[in-house]
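Before any comments, here is the structure.
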Amino acid sequence: MNKLVRRDFIKLMGIGAGTLTLSACRLIPPASLAPTTAPVNSTPFAAVPVSPSLAVDLTAGPATLPIFSGAKTSVWRYQASVREGSAESIQSLSGSYLGPIFRIERGQRVQVRLKNELPDPTIIHWHGLRIPEEMDGHPRYAIAPGASYEYDFQVINRAGMYWFHPHPHGLTGAQVYYGLAGLFIVSDEEEVPLGLPAGEYDLPLVIQDRTFDSNNQMVYLANGMMDQMIGFLGDTILVNSVPNAALDVKASAYRLRLLNGSNSRIYKLAWQDGTPLTVIATDGGLLEAPVTRDYITLAPGERVELWADFGRRTAGSEMRLVSLPFSGFSSGRGMMGGGMMAGSSIPNGAPFDIIRFKVGEKSAEVVPLPTNLATIMRHRVEDAVNRNNPRSFALATRGMIHTINGRVFEMDAVARDEIVRLGDLEIWEFANLEGGGGGMGMGMMNMEMPHPMHIHGVQFQVLGRQITRGYESASQELSAGFVDDGWKDTVLVLPGERVQVLVRFEDYAGTFLYHCHNLEHGDAGMMRNYNIEG
Ligand SMILES: [Cu+2]
């Protein structure tokens, strides 16, 4: 890593504490949120505390920054400025195209004025947040170049790392690829007493892959149809937009907040020396108690938070977070991945380093890992209104098209089987049972596609997984790395797998999306509306 970039990287890692103080005195009820969009009482989140509001101007536009030595890289990025509220609520990832980081207390009102200075339409989706339809970034709200969009919502999510990114239909993959993504970190009264590592010991790490040309410029979908079919895979791994990432850490405990911000790559995360990973949180925040995994399977859109204790390491030693090899999927290798239609030089399943932690001196502070982290109200399957007849979504590849129940995205359409009732608990089943083939000369190929499925507007719980006979290989290599214990908003569905989730539509009526978070699949139409009817 060249010096300049490395300094910036460390600077961006040394982001301030940014924890907000609660002040009970001043909540302006967001007029636009009342009363039709007021949250229905949500059991696990009963009393939403009151805290000051935040108003931010957020501009999406072009920029250049040094990623490598030599020519700067042209990117798209968000630039934030605080209009009202604490300046510490917004942290920039200096030297990165990513960001900013929102640091929010549960209960805060957040207003964001998005200004589009891109050459294309855009809109922001707040991934994982439980907010009204008009705040959620549905592509029909996309704004033209030069236009603005006003967001105004109250944060009712529990403590956790959520994120935000563009969601204009057909353009999401490109806009995220060129740099547009930021983090939305929520803290709450349940989390604070745990005394988890904070300040410089709380490190958000966004893992992505990109391909650069000889002039350091990003190249998207160079393999055309194949990239769109399989999903983009880059040949350079970046953390917070830095390649060959390395970070000086103290011999102390850290909270590593990992986001797979890649368009389609799946990571099999592990410590290089086989030390088990200690997981404290997933998409929707803290687990009930820490769990360990030999490796973690992290698909696009998913987050996982690790407790990394460098305290037992000697000064000068190094810990590497790596992605372990796995066989990949038939679509990502063999004929398509390696042969006549070679894609990335790092196919899905190839091993590589992600980030090196260089352990320094001992920190005076000793932070013990809590035994218990949070209370999770478990949905009960017997409470699901469709417990005898789960709502099923068949994920399939037909020719060059990825479909959900045989359909592709239509901006305003909602099918009869895509309507749920506000307040209902349901079982949703994603069934990834049909590979593809047929049409367009694709008949020879067995298109086994993993699909990370994301539901907007909710957090859900994974009820179970079932693998179809004949499809065991990917599951055997990846399923021990799933962390299904907590709240999720994105769940990976492997080829041949059925995944059932329990989801309560408890907050807002409206039209929301569910889709594949392989961004090329989503852009190609593997996305649908569903209606929550009040
Ligand atoms: Cu997909």
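A few notes on this one:
Yes/no per residue for (1) at pLDDT below 95; (2) within 21 Å of ALA63 (Cα to Cα):
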{"site": "ALA144", "(1), (2)": "no, yes"}
{"site": "VAL176", "(1), (2)": "no, yes"}
{"site": "LEU180", "(1), (2)": "no, yes"}
{"site": "LEU203", "(1), (2)": "no, no"}
{"site": "GLN208", "(1), (2)": "no, yes"}
{"site": "VAL219", "(1), (2)": "no, yes"}
{"site": "MET226", "(1), (2)": "yes, no"}
{"site": "SER241", "(1), (2)": "no, yes"}
{"site": "ASN244", "(1), (2)": "no, no"}
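- The range 191-201, residues that are open to solvent by 10 Å² or more (accessible area, probe 1.4 Å) and either in a strand (DSSP E or B) or not hydroxyl-bearing (Ser, Thr, Tyr) (or both): GLU191, VAL192, PRO193, LEU194, GLY195, LEU196, ALA198, GLY199, GLU200
- Set side by side, the residues LEU298, LEU277, LEU221 differ, and just one is surrounded by fewer than 24 Cβ atoms within 10 Å (Cβ to Cβ) and within 16 Å of the ligand (Cβ to nearest atom), which is LEU221.
- Filter pass, VAL493 being more than 12 Å from the ligand (Cβ to nearest atom) and not charged (D, E, K, R): no
- For the range 344-380, filtered to residues that are part of a loop (DSSP other than H, G, I, E, B) and closer than 13 Å to ALA253 by Cα, the residue that is farthest from the chain's Cα centre (by Cα) is ALA364.
- Taken together, the residues in the range 311-325 that are modelled with pLDDT of 95 or more and open to solvent by less than 60 Å² (accessible area, probe 1.4 Å) amount to 6.
- Remark: pairs (first residue in the range 259-275, free of Cβ contacts under 8 Å to residues at least 60 places away in the same chain and closer than 11 Å to SER323 by Cβ; second residue away from the ligand (no atom under 16 Å from the Cβ) and open to solvent by 20 Å² or more (accessible area, probe 1.4 Å); Cβ separation under 7 Å; 6+ apart in sequence or on different chains) = ALA270/ASP294; ALA270/TYR295; ALA270/LEU324.
- Among the criteria (1) open to solvent by less than 10 Å² (accessible area, probe 1.4 Å); (2) away from the ligand (no atom under 16 Å from the Cβ), the one ARG528 does not fulfil is (2).
- Subset of the range 70-106 [more than 22 Å from GLY199 (Cβ to Cβ) and open to solvent by less than 10 Å² (accessible area, probe 1.4 Å)]: THR73, VAL75, TYR78, TYR97
- Residue, modelled with the highest pLDDT, within the range 51-85, restricted to residues that are touching a strand residue (DSSP E or B) at 6+ places or on another chain (Cβ under 7 Å), in a loop (DSSP other than H, G, I, E, B) and farther than 24 Å from GLN217 by Cα: GLY85
- Considered as a group, the residues in the range 463-479 that are part of a helix (DSSP H, G or I) and not acidic (Asp, Glu) include one that is most open to solvent (accessible area, probe 1.4 Å), and that residue is GLN476.
- Checking every residue in the range 500-515 against the condition of being under 18 Å from the mean Cα position of the chain (by Cα) and either open to solvent by 10 Å² or more (accessible area, probe 1.4 Å) or charged (D, E, K, R) (or both) gives zero matches.
- Remark: pairs (first residue in the range 56-78, farther than 23 Å from LYS115 by Cβ; second residue modelled with pLDDT under 95; Cβ separation under 6 Å; 6+ apart in sequence or on different chains) = PRO66/LEU4; PRO66/VAL5; SER69/ASN2.
- Taking residues in the range 508-528 that are farther than 13 Å from HIS451 by Cα and small (Gly, Ala, Ser), and partners anywhere that are more than 12 Å from the ligand (Cβ to nearest atom) and assigned to a helix (DSSP H, G or I), the pairs with Cβ atoms closer than 6 Å and at least 6 places apart or on different chains are GLY510/GLU133.
The values are calculated or read from the model by the stated rules, or taken from the named source; none is laboratory data. Just so we're clear, the structure is a prediction, and the values are computed from it rather than from any experiment. In this analysis, Cβ positions are derived from the backbone assuming ideal geometry, glycine residues included, and neighbour counts consider all displayed protein chains. Accessible surface areas use protein heavy atoms only, side chains included; no ligands, DNA or RNA. Shrake-Rupley method; radii C 1.70, N 1.55, O 1.52, S 1.80 Å.
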